[in-house]
Amino acid sequence: MQARIFSAEPRLVGSLRPPPDKSISHRALLLALLAQGVSRLDHLSTALDVAATASMIEGYGASLRVDGSATLVESSGRTGLIEPDRILDLGNSGTGARLGIGVATLVPGLSFFTGDASLRQRPMGRVIDPLRQLGATISARNGDSYLPAMVCGGGLVSGTVHLSVASAQVKSALLFAALGVDGPVTVVEPVLSRPHTEELFELTGIDLVEDFAEDGEVHGVTIVGPAQPSPFSLRIPGDPSAAAFFVVAAACTPGADLDVEEMYLGPTRTGFLEVLEHMGAHLTREHGRLRVQGSSLEGVEVGGSIIPSLIDEIPILCVAAAFASGLTTIHDAGELRIKETDRIETTAELLTSFGVTVEKLTDGLVVHGGLQPGSLGAGQRRVGAKLDHRIAMAAAILGMLAGGTTEIDGVETVATSYPGFFRDLEALSSTTIELG
Ligand code: S3P
């Protein structure tokens, strides 16, 4: 599917209710699978990634029923899971696949995993190797590195695993696997990554002990298994990674005024707000709402321990950098190379097609700012989404801000995380959008 976006002069005003958080939705489904009884998930994400996880938990024996805005999940719990009679296809979802591999270690028998062309290129060794350190039996393509993969459940023992990258997906896979271990499992990560698994473990009555080093950076979490979550009710908050597209759009648009409601505002997800503030954006947080007003931005340097808290927002932050004055440098972000696409390459290619100068680093990018909102009103360009939802949405916002006509091929990929994206863009901005 192609989106044809026309923008004469950027304008953005209104109120945004971002879609339900994708990371929390995946984990809520998995915990509902492991709890014995009925759990109630209000405002579960309707993104395709989350639908793939929902289908996976059905494969393990859970049943799902929609009741108004709630999804009711009924399961016989951690000790009653069944061996799936089909291959579990996680589509485009790295989170679904990696967390699923962790959960599969709890299930007697075999679980087979695959995904789409993008997911089959993404590294799975990062989750397979540490699970094997605890005794898991897992085989995967190309030297146990890529999907398809096969997990043979059971056989894990207690121990401590040190992760070399701060990855919430890997940490979470280990924490789920720890629920079936007889004794303690400790996971140590170099910097705190998003703690949604820990938050939901606490909500469902699973005890965990967390340790932070004095510098606040190294984070350890210990679970003593076997442990069984209790059924729960949860309202899923709005997704900051989805809201980020409109927050940046408003921050760069002169005269813009955007209210963002019901967004998750935990510190491990809002690094992009800190960076935008540092760039000079006008942001106000009041009673759980965020107000963004357009202003002029300046280039900044971004690197170090803030990176895990904004890794998914780097493509759209680079769009903000294009409209800032001066240079923006992003480093320590080598993880970008193993997302849905190599986002150092795809972000640079996108900005370049709008005439922005970008230098690619091994672990980041340097964006030369100075683009004026609306200044490309007479221009036309065609870009590709490349099976990457965040590149597709960054392209649409860049097109809206720069002006003129932007054709984006492959926009069906936005449904991976934000099915209502184009509807919200049309409602909030002055853009005309043709989908076809
Ligand atoms: C996620 C963790 C991050 C993030 C991804 C979602 C999660 O990946 O980029 O979009 O829900 O755990 P890593 O764990 O690879 O850092």
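The table for this structure:
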| quantity | calculated |
| --- | --- |
| Filtered residues of segment 304-353 (kept if surrounded by fewer than 20 Cβ atoms within 10 Å (Cβ to Cβ) and acidic (Asp, Glu)) | Asp332, Glu335, Asp342, Glu345, Glu349 |
| Qualifying residue in segment 393-405 (condition: crowded, with 17+ Cβ neighbours inside 10 Å, within 26 Å of the chain's Cα centre (by Cα) and hydroxyl-bearing (Ser, Thr, Tyr)) | no |
| All positions within segment 366-410 that are aliphatic (A, V, I, L, M) and under 17 Å from Leu336 (Cβ atoms) | Val366, Val367, Ala385, Leu387, Ile391, Ala392, Met393, Ala394, Ala395 |
| Positions within segment 265-279 being at pLDDT 95 or above and either within 18 Å of Ile311 (Cβ to Cβ) or touching a helix residue (DSSP H, G or I) at 6+ places or on another chain (Cβ under 9 Å) (or both), in sequence order | Arg269, Thr270, Gly271, Phe272, Leu273, Glu274, Val275, Leu276, His278, Met279 |
| Test: residue in segment 361-371 that is hydroxyl-bearing (Ser, Thr, Tyr), under 25 Å from the mean Cα position of the chain (by Cα) and within 15 Å of Ile316 (Cβ to Cβ) | no |
| Residue match in segment 96-107 (condition: away from the ligand (no atom under 16 Å from the Cβ) and in contact with an Asp or Glu (Cβ under 9 Å, 6 or more places away or on another chain)) | yes |
| Residue ID - farthest from Asp239 (Cα to Cα), chosen from residues in segment 2-34 that are in a strand (DSSP E or B) and hydrophobic (A, V, I, L, M, F, W, C) | Phe6 |
| Qualifying residue in segment 5-26 (condition: in contact with a strand residue (DSSP E or B) (Cβ under 6 Å, 6 or more places away or on another chain), under 17 Å from Thr204 (Cβ atoms) and not assigned by TED's automatic domain parsing to the domain that holds Pro254) | no |
| Segment 168-196, residues that are within 8 Å of the ligand (Cβ to nearest atom) and in contact (Cβ under 8 Å) with a residue 60 or more places away in the chain | Ala168, Gln169, Val170, Ser172, Ser193, Arg194, His196 |
| Glu261 in contact (Cβ under 8 Å) with a residue 40 or more places away in the chain and within 25 Å of Ser69 (Cβ to Cβ) | yes |
| Options Thr160, Thr137, Thr114: the member that is among the β-branched types (Val, Ile, Thr), away from the ligand (no atom under 15 Å from the Cβ) and under 19 Å from Thr53 (Cβ atoms) | Thr114 |
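Listed here are the residues, each with its yes/no results for (1) touching a Leu at 6+ places or on another chain (Cβ under 6 Å); (2) open to solvent by 10 Å² or more (accessible area, probe 1.4 Å); (3) assigned by TED's automatic domain parsing to the domain that holds Ile391.
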| position | (1), (2), (3) |
| --- | --- |
| Ala35 | no, no, no |
| Val38 | yes, yes, no |
| Ser93 | no, no, no |
| Leu106 | no, yes, no |
| Asp116 | no, yes, no |
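The values are calculated or read from the model by the stated rules, or taken from the named source; none is laboratory data. All values derive from a computational prediction rather than experimental measurement. Every residue, glycine as well, gets a Cβ built from its backbone with ideal geometry; the counts of neighbours run over all protein chains shown. In case anyone asks, the SASA skips ligands and DNA or RNA and just uses the protein heavy atoms, side chains included. Shrake-Rupley method; radii C 1.70, N 1.55, O 1.52, S 1.80 Å.
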